[in-house]
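Since the structure comes first, as structure tokens, the remarks are kept for the end.
The values are calculated or read from the model by the stated rules, or taken from the named source; none is laboratory data. Bear in mind that the values here come from a model prediction, so they are computed numbers and not experimental data. When we count neighbours, we look across all protein chains shown, and the Cβ atoms used for this are built from the backbone with ideal geometry, even at glycine.
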Amino acid sequence: MPDRLIAPPNPRQREFFLARSRFVAYGGARGGGKSWAVRKKATLMGVRYPGIRMLLLRRTFPELKENHILPLQGELKGLAAYKEGDKAFSFANGSRLKFGYCDSERDVLQYQGQEYDVIFLDEATQFTEYQFHTLTACIRGANPFPKRMYLTCNPGGVGHGWVKRLFIDRDYRGAERGEDYAFIPARVYDNRALMDSDPGYLAMLESLPDDLRRAWLEGDWNVFAGQYFTEWREDIHVCEPFPIPGHWRRYFAMDYGLDMLAGYFIALDEGGRAWVYRELYRPGLIVSEAARAILEAAGGEPIEGWLAPPDMWNRRQDTGKSVAEIFGEGGIPLTRAQNSRVSGWMDLKEWLRPRGEPGARWAALTVFRCCPNLIRCLPQLQFDGRRPSDAAGQPHEITHAPDALRYFAAGRPAPALPPREGEGDPPGGELGDFLHYGG
């Protein structure tokens with residue numbers, strides 16, 4: 001085998017080469033040697049498995065050409081021939097490596113019905129979850145070759161959420177199985193070849209502003225370029241649950257639609273700090289079902305205000321009633337929340353702003369760990385490309401929980417009053433909370 005095929009990988013690249021899960025993701029930070037690893041893995045598989053069919057995808061063709069096609073034309077010289085018309089390398093043993101791109105959402109449809117043994121999804125966070133799932137259906141074939149998808153990724157991009165869910169948080173749904181997914185983290189420190197040839201690259205990464213440095217150098221998936229709530233720090237904004245004192249003021253804020261009810265119970269202490277202590281996150285509920293679910297979750301607690309978006313006061317043509325009226329009939333008197341998006345987001349940013357000295361940082365709003373969807377979705381929001389001060393409305397799935405919290409932040413809720421001397425928790429108060437939070 002030519003020497004150029006067996007150049008020694010670094011330890012992380014070796015893990016990538018040896019991984020046998022159906023879906024293998026590699027990367028997390030800049031400079032980890034992702035492009036080299038993808039090209040080398042595709043080359044090695046093409047040589048080892050005569051007749052194997054492979055597809056290598058990037059978001060745009062110029063990126064694909066610059067990062068893979070041009071380098072491979074030199075690396076595969078004498079081993080495989082590139083045909084410009086087919087956008088593919090053909091190996092002498094019958095193996096084939098085809099190149100493609102998905103510049104728009106619908107571009108992925110051109111691959112429906114095609115069969116590949118192995119797909120390489122380079123910079124996977126630039127692809128939507130729909131594109132990912134469409135491509136996974138192409139990995140099939142009646143032959144003994146491996147059936148896998150190899151992904152490279154950095155934090156950020158339209159696909160940040162699904163990549164983080166599957167490979168970082170390992171939060172699986174439906175038929176997804178944990179054993180099918182593997183993540184190999186790689187940072188510039190793992191890439192000695194780059195460190196030796198370009199020591200200035202590491203210096204550049206280390207000199208970046210804190211948010212970019214955490215994402216690009218450390219591979220921190222809780223911060224990324226384009227992130228809307230750069231204030232978010234899980235070590236500051238998330239805490240373990242504790243019993244809510246009975247005299248604290250309690251509020252409920254929600255975003256509601258048939259696709260999702262995202263509701264949050266939030267308590268304010270005497271100092272005005274907010275504690276998001278319970279989450280209600282359920283899809284497919286009609287209005288009456290949603291009202292019953294909220295009352296059940298409240299468990300008879302005294303709620304100072306039930307905050308909801310103004311569009312819930314629009315009258316429905318079929319009944320002549322608004323959603324707010326139906327909630328009221330169900331025992332929940334809603335309060336119309338302020339719906340200025342940018343103003344509401346700015347209010348929420350202020351609630352989330354870290355305060356205090358290093359080592360003792362805190363924020364005005366803290367989320368109990370038993371609210372996983374809020375913790376998952378809030379840091380994933382990105383800036384809207386057309387309205388620079390607004391948060392993007394896509395992916396839509398991650399917007400419900402942040403919108404609910406925005407209605408709370410914009411409502412200027414009042415803090416609790418100190419308890420009167422001798423006043424204890426009401427029945428079902430502190431003990432009830434301890435048993436009920438996160439229920």
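Annotations
- In the stretch 146-182, the residues that are among the acidic types (Asp, Glu) and within 16 Å of the chain's Cα centre (by Cα): ASP169, ASP171
- The residues listed here are GLU304, GLU279; of these, the one that is closer than 28 Å to MET346 by Cβ, within 27 Å of the chain's Cα centre (by Cα), charged (D, E, K, R) and not assigned by TED's automatic domain parsing to the domain that holds THR125 is GLU279.
- Residue satisfying all of: in the stretch 157-182; touching a strand residue (DSSP E or B) at 6+ places or on another chain (Cβ under 7 Å) and surrounded by 21 or more Cβ atoms within 10 Å (Cβ to Cβ); farthest from GLN394 (Cα to Cα) among these: PHE167
- Within the stretch 175-234, the set of residues being closer than 28 Å to ARG22 by Cα, touching a residue at least 24 places away in the same chain (Cβ under 8 Å), of a type outside the set (Asp, Glu) and in a helix (DSSP H, G or I) comprises VAL188, ALA215, TRP216.
- Hits in the stretch 385-416 (condition: over 17 Å from MET254 (Cα atoms) and in contact with a helix residue (DSSP H, G or I) (Cβ under 9 Å, 6 or more places away or on another chain)): ARG387, SER389, ASP390, ALA391, PRO395
- Pairs meeting the criteria (first residue in the stretch 139-151 and farther than 24 Å from LEU166 by Cα and in the same structural domain as ALA182 (by TED's automatic domain parsing), second residue basic (Lys, Arg) and in a loop (DSSP other than H, G, I, E, B), beta carbons under 9 Å, at least 6 apart or on different chains) are GLY141/LYS147.
- Listed by position, the helices (runs of 4 or more DSSP H) contained in the stretch 327-424 that have at least 3 residues being modelled with pLDDT of 95 or more are 341-352, 400-410.
- Within the stretch 247-280, considering residues that are surrounded by fewer than 19 Cβ atoms within 10 Å (Cβ to Cβ) and touching a strand residue (DSSP E or B) at 6+ places or on another chain (Cβ under 8 Å), the one nearest to VAL367 (Cα to Cα): ARG273
- Annotation: of all residues in the stretch 1-24 being modelled with pLDDT of 90 or more and assigned to a loop (DSSP other than H, G, I, E, B), the one that is surrounded by the fewest Cβ atoms within 10 Å (Cβ to Cβ) is ARG20.
- Of all residues in the stretch 56-67, none that is not assigned by TED's automatic domain parsing to the domain that holds ARG39 has its Cβ atom under 6 Å from the Cβ atom of a residue that is assigned to a helix (DSSP H, G or I) and surrounded by 15 or more Cβ atoms within 10 Å (Cβ to Cβ), 6 or more apart or on another chain.
- Residue ID - surrounded by the fewest Cβ atoms within 10 Å (Cβ to Cβ), chosen from residues in the stretch 43-65 that are within 13 Å of TYR101 (Cα to Cα) and not basic (Lys, Arg): PRO62
- Selection status of GLY331, within 26 Å of ALA410 (Cα to Cα), exposed (fewer than 13 other Cβ atoms within 10 Å of the Cβ) and touching a Gly at 6+ places or on another chain (Cβ under 7 Å): no
- Within the stretch 80-101, if we keep just the residues that are of a type in the set (Lys, Arg) and in contact with a Lys or Arg (Cβ under 7 Å, 6 or more places away or on another chain), the residue that is surrounded by the fewest Cβ atoms within 10 Å (Cβ to Cβ) turns out to be LYS87.
- Selection over the stretch 327-381 of residues that are under 21 Å from the mean Cα position of the chain (by Cα) and of a type in the set (Ser, Thr, Tyr) gives a count of 1.
- All conditions in (1) farther than 30 Å from VAL38 by Cβ; (2) in contact with a strand residue (DSSP E or B) (Cβ under 8 Å, 6 or more places away or on another chain); (3) surrounded by 18 or more Cβ atoms within 10 Å (Cβ to Cβ); (4) not hydroxyl-bearing (Ser, Thr, Tyr) hold for VAL238, with the sole exception of (3).
- Count of the stretch 249-272 residues, restricted to those that are more than 27 Å from the chain's Cα centre (by Cα) and in a loop (DSSP other than H, G, I, E, B), is 4.
Residues are listed down the side, and each one gets a yes or a no for (1) assigned by TED's automatic domain parsing to the domain that holds ALA360; (2) under 26 Å from VAL158 (Cα atoms); (3) modelled with pLDDT of 95 or more; (4) surrounded by 16 or more Cβ atoms within 10 Å (Cβ to Cβ):
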{"site": "LEU212", "(1), (2), (3), (4)": "no, yes, no, yes"}
{"site": "TRP221", "(1), (2), (3), (4)": "no, yes, no, yes"}
{"site": "SER288", "(1), (2), (3), (4)": "yes, no, no, no"}
{"site": "LEU295", "(1), (2), (3), (4)": "yes, no, yes, no"}
{"site": "MET312", "(1), (2), (3), (4)": "yes, no, no, yes"}
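- Matching entry among GLU279, GLU304 (being over 17 Å from GLY411 (Cβ atoms) and not small (Gly, Ala, Ser)): GLU279
- Residues that are touching a residue at least 24 places away in the same chain (Cβ under 8 Å), part of a loop (DSSP other than H, G, I, E, B) and on the phi < 0 side of the Ramachandran plot, drawn from the stretch 286-326: ILE286, GLU301, PRO302, ILE303, GLU304, PRO309
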